[in-house]
């Protein structure tokens, strides 16, 4: 009974069938490639300085912990391209304080990460949401964050607060806008990094995929149906979805489900890190470029202490041990933007070293120089 309750809590009824499909396909794709494989690793942080209802003074301390502590920890590690780990700070628009975005700009200038948009909202209309997103994107961009298109318009990646993209909950809480996906694209969003969310009713049927949403994109939960991204099929009329690893692994004597979250109580482990690459998330037709998108909530004190301390050190040591021997695997630390660019390069038929395509379509934010 305990095992059944665990599976139900992890929403296995939603994503289990697609997981089985993926595992059968993954074996066939892996067998089709011989030679060096490349692992692209992005850590996408729901980075909320005011998490838990703390005040601005406490938020200042949390920001300082990262601006001072992340270079000390991450500066010890390098990938196959000589890059340090790159943290993707998905900053909640509703937490905007200019000094905090300036602190993150300092990290970006040193090559330690980039900033994207995170947003919690409830009871919105299309008009109110468009106004808020436009304002938040403008505020974040004013500090040199976010890529720009040819016209100078900011482009951004997105993570939905409370996981409730496209009004996903049955009760309509924490969103309110069915057609959120096309609206975000209209406002400049190039990719969504919200999922998986295995303990939430918003969890989609699709797992372990890079995909384009299909069908009527104005409908509630429009991300439920998608076309897997593949070589020769790049789209510009909608945003891309990049999902993190979902699967099963053995932790001691217990079977567990991987949900792509790194936390202080569930940090990286040898078994988890081995699974990430083994799941082989890729653009169809380019199985040697493996995408691993993890997420965390790194601003709260306990989580920051882990990610900036022993938990972060262990994560990057394990990534190097498993994926950076230079023969079987090469490791590439990427931001959310760089991961999207590499995915587009794969769709355009590019091959070889994916590190060459970090700035393939979306240019570097001004803060990066």
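The values are calculated or read from the model by the stated rules, or taken from the named source; none is laboratory data. Since the structure is predicted, the reported quantities are computational estimates derived from the model, not experimental observations. Cβ placement follows ideal geometry from the backbone for every residue including glycine, while neighbour counts extend to all protein chains displayed.
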Considering only the range 217-323, give the strands (runs of 3 or more DSSP E) lying wholly within it that have at least 2 residues that are at pLDDT 95 or above.
226-228, 240-242, 289-296
Do we find a residue being under 30 Å from residue 265 (Cα atoms) and either buried (at least 24 other Cβ atoms within 10 Å of the Cβ) or over 16 Å from the mean Cα position of the chain (by Cα) (or both) anywhere in the range 339-358?
yes
Matching residues, the range 156-189, being part of a loop (DSSP other than H, G, I, E, B) and within 19 Å of residue 141 (Cα to Cα):
187, 188
Only one of these conditions is not met by residue 3: (1) in a helix (DSSP H, G or I); (2) surrounded by 14 or more Cβ atoms within 10 Å (Cβ to Cβ); (3) touching a strand residue (DSSP E or B) at 6+ places or on another chain (Cβ under 9 Å). Which number is it?
(2)
Hits in the range 355-369 (condition: assigned to a loop (DSSP other than H, G, I, E, B) and more than 12 Å from residue 344 (Cα to Cα))
363, 364, 365, 369
Mind listing whichever residues of the range 118-139 are surrounded by 18 or more Cβ atoms within 10 Å (Cβ to Cβ), closer than 21 Å to residue 295 by Cα and touching a helix residue (DSSP H, G or I) at 6+ places or on another chain (Cβ under 6 Å)?
119
Which one is surrounded by the most Cβ atoms within 10 Å (Cβ to Cβ), of the residues in the range 86-117 that are within 19 Å of the chain's Cα centre (by Cα) and closer than 18 Å to residue 163 by Cβ?
116
